[in-house]
1. Decide, for the range 320-371, between rounded, prolate and oblate: order the square roots of the alpha carbon gyration tensor eigenvalues as a ≥ b ≥ c, take rounded if a/c falls under 1.5, and otherwise choose prolate if a/b is larger than b/c, else oblate.
2. Could you check the simple spin-label distance between Ala336 and Asp63, using points 7 Å along Cα→Cβ, in nm with one decimal?
3. According to the square roots a ≥ b ≥ c of the eigenvalues of the Cα gyration tensor, what is the shape class of the range 119-238, taking rounded for a/c under 1.5, prolate for a/b larger than b/c otherwise, and oblate for the remainder?
4. To the nearest 0.05, what FRET efficiency results for Asn106 and Arg183 with a Förster distance of 60 Å applied to their C-beta separation?
5. Where nothing but the Cβ of Lys and Arg (+1) and of Asp and Glu (-1) is charged, how large is the charge dipole of the range 9-147 around its Cα centre, in debye to the nearest 20?
6. Report relative contact order for the range 295-369 in percent, whole number only (criteria: Cα-Cα under 8 Å, sequence separation at least 6).
7. Apply the a/c threshold of 1.5 to the C-alpha gyration tensor of the range 47-181 and tell me whether it is rounded, prolate or oblate.
8. Once you put a point 7 Å from the Cα of Val264 and another 7 Å from the Cα of Ser225, both along the Cβ direction, what distance in nm separates them?
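Only the coordinates and a few stated rules stand behind these numbers; no lab work does. In this text, all values refer to a predicted model and were calculated from it rather than measured experimentally. Neighbour counts run over all protein chains shown; Cβ positions are idealised from the backbone, glycine included.
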Amino acid sequence: MKAFPALSIAIRQALLTAAVVIAATSGFAALMLVVVDRAGRAELLHTIDTDIAGLVDVWAAGDAQQLAQRIGDRTAFVTSPASYYLLTDATGHRLAGNLAPMRLPNAQTSASVEIVAGGQPVLLRATVLRGGTVLAVGRSLTGVEAFNADLRRILLVCEATIAAASLLIGLLLARRLTVRIERINRAFADFSAGDTAARVGAMPGRDEIATLAHHADHHLARVVSLIAAQREISDNIAHELRTPLGHLDTHLRRAQAANHDPAVEPLLQAARSEIDAVVSLFDALLDIALAESHDARTGVARFDVSELAAGVVELYQASAEEAGMHLTARIAPHVAMRGEPMQVSRIIANLLDNALRHLPEGSQIRLAVSPGPVLVVEDDGPGIPEADREAVFQRFRRSGGAGTGHGLGLALVHSLATRNGLTARIEDANPGARFIIAAKGTA
């Protein structure tokens with residue numbers, strides 16, 4: 001059986017139901033034992049009263065000697081339950097019976113009392129006859145107590161069986177409920193991880209869980225449509241404004257060529273730099289849009305990741321040296337995967353660009369490639385706070401909101417990784433940050 005999550009509502013409800021059933025059956029069993037015990041004692045007391053009535057009739061028709069003889073006849077027979085008798089005169093001297101003389105303070109009221117005789121419990125009733133003579137008649141309680149003990153064992157077995165059955169049924173129902181809830185949670189988790197096609201799907205029945213699943217799918221689809229609309233707007237803006245910005249840069253370049261005033265030259269160059277930055281931002285947006293497009297995978301093939309990564313590192317060695325940083329690589333040979341080589345190359349390049357842009361001079365940058373494939377780019381810089389590690393893969397987000405750039409480089413890394421069946425995550429390198437791009441299911 002699948003393990004239940006900690007503090008599961010379903011498992012708590014199953015345990016609570018089992019506890020209620022156990023409490024109810026325990027209460028019922030205790031009440032039954034009390035009722036049966038009282039009924040057994042009442043039946044025994046009725047037998048005693050009948051016996052006393054017969055002996056009193058003998059006493060009324062004769063004398064003490066005849067009553068003693070009748071008691072002697074009765075004690076001579078072995079009965080079940082065992083019978084006990086005592087007949088004493090007014091001074092307490094025993095006249096007949098198989099009980100030792102004893103003080104019976106309840107004789108005046110003919111109340112019943114429990115005593116121990118012959119090593120077993122006895123229910124006894126005494127009454128005072130004419131002339132102060134006392135007659136006591138008793139029956140052994142051993143049979144009643146044995147029956148109660150047997151009944152107690154039977155009820156205990158029944159209670160344990162009912163408790164086990166209720167717990168088992170409760171756990172089965174809890175598992176069914178947990179599986180249905182887990183489907184909803186898994187859909188949201190997959191959606192949060194970037195699988196926008198994740199849905200709960202139709203659930204059997206017309207209960208609250210099925211309704212919740214329906215609403216969850218409806219809202220996930222609504223979120224996808226809103227995200228698509230937002231991205232379409234931003235992509236259209238990027239596409240439509242890129243051309244006029246290119247024309248504006250052309251006009252500025254002509255103005256720069258025709259300019260002879262040294263004071264105007266820096267202004268024209270600054271304007272062109274600003275246009276280049278905006279165009280670069282639009283290019284990044286269009287790259288992300290292409291990566292997320294269903295038609296983007298046009299060059300899928302099986303290729304050597306090791307060879308590709310080595311080529312990118314070679315290109316960035318000089319840039320790292322110029323920035324005063326040290327770039328090293330540890331690349332396992334012949335690591336292959338199926339995907340788009342240009343997009344994977346862009347992933348590695350963007351990660352190295354990100355490191356060169358944000359790390360201080362003297363930093364160490366390490367790239368590693370291992371089977372899986374698993375691509376790792378780590379550094380010994382200030383690192384990325386844990387709270388920002390997921391946010392930096394979103395558009396226009398930077399760690400702590402600081403730094404340079406437009407915040408789209410890592411968003412493109414995430415999109416390209418997803419497009420090629422890879423995952424992107426960040427870990428603490430102690431010190432520094434470790435970016436891991438790995439095949440799904442690879443640690």
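1. Here the range 320-371 falls in the oblate category.
2. Roughly 12.7 nm, to one decimal.
3. Judged from the Cα gyration tensor, the range 119-238 comes out prolate (a/c at least 1.5, a/b above b/c).
4. Plugging the Cβ-Cβ distance into 1/(1 + (r/R0)^6) gives 0.25.
5. 280
6. Worked out over the range 295-369, it gives 46 percent.
7. Prolate, since a/c reaches 1.5 and a/b exceeds b/c.
8. Inter-label distance under the simple model: 5.4 nm.
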